[in-house]
């Protein structure tokens, strides 16, 4: 492992433990077993280092994309997305919260995301696109707002992960939570079967 990766790993660990506002480059250097001067050979500033940590060490959205490409049925795919989202948000909260506590790092990170055409909204867009394809195939009700549906599912996962850091989240485990979110969402998304008429006597 190169020196740059050692620094990034140490910074991510210290940042998760103490929060960005309380982290100093001296603490990061100590955790990495290096001098502060060594840090500045690889990163121009603390903000530059923190943005690199967010880009290279924060949980990515690839598990959500993989869940959508899994080829399962609607229920299975959405449940896999919900589980991946819960894991992502739970793991990312300490780092995300730290970045929001530091305006300079947040601004730099947002600008980098803008330049790359990336950001957390991409998960919503990917899920909405999946639901739109299911809608065109007749498995999601015509006229359903798939963008809102994507936001509702990911929003429920986000809140569940947040509550898990604070208190009990109201479900036995992540599997139950994911299944419940999907089941409730699909009650409004799936087409209503036509009523069955009893043959007249």
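We did not get these values from a lab; they are worked out from the coordinates using the rules stated. A quick note: this is a predicted structure, and the numbers were derived from the prediction, not measured. Here Cβ is always computed from backbone atoms with ideal geometry, including for glycine, and neighbour counts include all displayed protein chains.
Evaluate E = 1/(1 + (r/R0)^6) for residue 9 and residue 111, where r is the Cβ-Cβ distance and R0 equals 25 Å; express this FRET efficiency to the nearest 0.05.
Numbers: r = 24 Å, r/R0 = 0.98.
Computed FRET efficiency for residue 9 and residue 111 comes out at 0.55.
Have a look at region 3-55 and give its Rg and Dmax from the Cα atoms, expressed in angstrom.
Rg then Dmax for region 3-55, in Å: 9.4, 25.
Give me 48, 174 ranked fewest to most by other Cβ atoms within 10 Å of their Cβ, as a rough exposure proxy. Intermediate values should be presented prior to the final figure.
On the way: 48 15, 174 18.
If I rank by nearby Cβ atoms, fewest first, I get 48, 174.
Between residue 22 and residue 142, what is 0.36 nm times their sequence separation minus the Cα-Cα distance? Round to one decimal in nm. Provide the component values of the computation, followed by the final result.
Working: separation 120, 0.36 × 120 = 43.20 nm, distance 5.06 nm.
Gain in length upon complete extension: 38.1 nm.
What is the fewest-to-most order of 88, 131, 152 by other Cβ atoms lying within 10 Å of their Cβ? Could the numbers behind the result be given before it?
Details: 88 23, 131 26, 152 16.
Ascending Cβ contact count within 10 Å gives the list 152, 88, 131.
What are the extents of the Cα atoms of the chain along their three principal axes, in Å, largest first?
Principal-axis extents of the chain (Cα, largest first): 91, 37, 30 Å.
Set the Förster radius R0 to 35 Å, insert the Cβ-Cβ distance between residue 166 and residue 44 as r into 1/(1 + (r/R0)^6), and round the FRET efficiency to 0.05.
On the way: r = 36 Å, r/R0 = 1.03.
Efficiency, rounded to the nearest 0.05: 0.45.
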